[in-house]
1. Which helices, counted as full DSSP H runs in chain B, have an axial Cα extent of no less than 30 Å and a Kyte-Doolittle average of 1.0 or above?
2. Find how many whole Å separate the alpha carbon centroid of the range B:39-67 from the alpha carbon centroid of the range A:193-253.
3. Hey, what does the equivalent ellipsoid look like for chain A, semi-axes from the Cα gyration tensor as sqrt of 5 times each eigenvalue, largest first, whole Å?
4. Show me you know the interface measure: the accessible area buried between B and A, both chains summed, probe 1.4 Å, in Å² to the nearest 100.
5. Scan chain A and report its longest stretch carrying no chymotrypsin sites (Phe, Trp or Tyr not before Pro) that are both in a DSSP loop and have at most 16 other Cβ atoms within 10 Å.
6. Sort A:VAL143, B:VAL23 by accessible area with a 1.4 Å probe, largest first.
7. Leaving ligands, DNA and RNA out of it, work out the accessible area of B:VAL294 with a 1.4 Å probe and give it in Å² to the nearest 10.
8. List the pairs from B:LYS14/B:LYS200; B:LYS76/B:LYS199; B:LYS84/B:LYS200 whose alpha-carbon separation is above 32 Å, in the order I gave them.
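The values are calculated or read from the model by the stated rules, or taken from the named source; none is laboratory data. Everything quoted here is computed from the prediction, not taken from an experiment. Glycine gets a Cβ as well: all are built from the backbone with ideal geometry, and neighbour counts include every protein chain shown. Accessible surface areas use protein heavy atoms only, side chains included; no ligands, DNA or RNA. Shrake-Rupley method; radii C 1.70, N 1.55, O 1.52, S 1.80 Å.
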Amino acid sequence: MLRLALLRFASAVPTLLLLLVLAFFMMRAAPGGPFDTERSLPPEILAKLEQAYHLDEPLWKQFARYIGGAVQGDLGPSFQYSDFTVNQLILQGLPVSLRVGLGAMVLALFVGCAAGIVAALRHNRFSDYAVMTLAMTGMSIPVFVIAPLLILLFAVTLGWLPAGGWQDGGLRDMALPVVALALPQIAILARLMRGSMIEVLNSNYIRTARAKGLATRTVILRHALRPALMPVLSYLGPASAGIITGSVVIEQIFGIPGIGRYFVQAALNRDYTLVMGVVVFYGTLIILFNFLVDMLYGVLDPRVRAE
Amino acid sequence: MTLLDVRDLSIRFKTPEGVVQAVEGLSFALAQGGTLGIVGESGAGKSQTAMAVLGLLARNAKVSGSIRFEDRDLLKLPESQLSKLRGNRIAMVFQDPMTSLNPYLRVEVQLGEVLERHRGLSRSAARAESLRLMQAVHIPDAAQRLRSYPHELSGGQRQRVMIAIALACQPALLLADEPTTALDVTVQAQILRLFAELKKDFGVAMILITHDLGVVAEVCEHTMVMYAGRAVESGATQTLLNAPAHPYTRALLEARPRIDTPLTDRLLALRGQPPNLLQLPPGCAFAPRCPIAVDVCTQSVPALRSIETAHLAACIRV
Ligand code: SF4
């Protein structure tokens, strides 16, 4: 178990490094620069600015400087918000993004798993077909279509919820973005959960459990649930990535002051450090999440634990 | 006294490919403490018969006939009543001990839960009783093994755990479906010896399902041979082994691995494939493979009839 942890941890380092390299050079490969504006700046000011941000140095030197800072947790100054460092900006948006992201994750897990289990238990009957049809629909509609539809229905037509904005970050503010963010994940999780539950229910050890005369509840909860959750667990890594990517769009649509919104602004403005900072931060988060999931696997499966 | 009386049992499965006739017009009885071997190739309907007794057939199954157990028709009992019998009065041991135990739960949980469910024991009482059961099936270091997960046990030990679970509530009837097939030859012999011992000590009636007549010879007083869902011969095990009447039983006996017959002769004894249950051949289902088949064989299904006392066979030529 400890070996597994060390192994996974060691493999995370090159992944993160690769991410840094990709983020850095892809950003620089994009045309334009951080100080391109409608009216071009006088050359001497531009030169001063570039000097201040070390943009006049050769690329490899800039990269080395960036990596040097990043490993110490310093993601550099923002080009656009000149009074702030990237760290400050990320920390500012983090609580909001975290609320929405975690909310979506928890909602997706509960609803997705519950729907999947119901479908599996009612295999090939009406509720199964209903859940699967909804899931199929949910998977094929992109977030940027779902979100406006939700706004149209609940904010414009029914007037129950605000169409966007972030007043106090309460349930009213969160409801629509969280649901929009969770829906695709709910669909995927429901399908995954259904498939694995059906497989487990057909397994020999469930036949044994039934032959023991156990109550159906015991068969499901004690014998089938944990093994059926394992594939769901391994999907949590990709799910977190999906929610993070989705949040960038969702925060933009709903006007939520989170990290994702900075990211979009930064990408448009060629705010190199802020874009990279967000990429690195979210990348680390996803790697960390995958690491936790791997560890959880070990805790839940006695066979993995033994290795 | 009759413990189990199966009458005219038929099991069909509705599948997208058509109706599978798994069991057809099957009747047999088992006395209290008796032992019956059900022999046949895979697809003969042996396992489905056992699953029907347990009330655990797949949802697409259509069952008819009657299964009387301790004077109740199991086919008419509601699920709530059946689940009280399962693992309690009727227990089952399955073929593959590797996959029949839950890999996520400790042995003590899997053994203890039947005691808690059917005998109403407390956790701690169940633990003490589990220990006793583990010792009864001769698992060494029983206390430590109770704390193990299935993957930490050998195949033989896992099957012993399965047997301990089956015996936990002192069932009147034990169904064992190919209980030794997945095990090494030496372990097979040990498990068979255990069955013989348990039969004596616990007085439990047993139905042993196998494709191997050798296994039956060791444990069962009576044997029923099944082919394509029907009983084709039944009688005392010794009679069937020494004077098999049905051509299929004879072929099975000849096909058994023995040192004195060359392999080619053995394979010749049982040529051809088991029939397609979606579309059974007309008349005697064994006709396409039968060495002594005649034209009339394909005209109607031969009835199971008495050929001598307590010896039945379904073949027009005996
Ligand atoms: S009835 Fe005919 S085909 Fe069937 S076993 Fe007897 S001889 Fe063979």
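1. Going by DSSP H runs, there are no hits.
2. When both Cα centres are located, 30 Å separates them.
3. Calculated on Cα positions only, the semi-axes equal 44, 26, 14 Å.
4. Accessible area lost upon association: around 2300 Å².
5. A:161-307
6. From most exposed to least exposed: A:VAL143, B:VAL23.
7. For B:VAL294, solvent-accessible area is about 60 Å².
8. B:LYS14/B:LYS200
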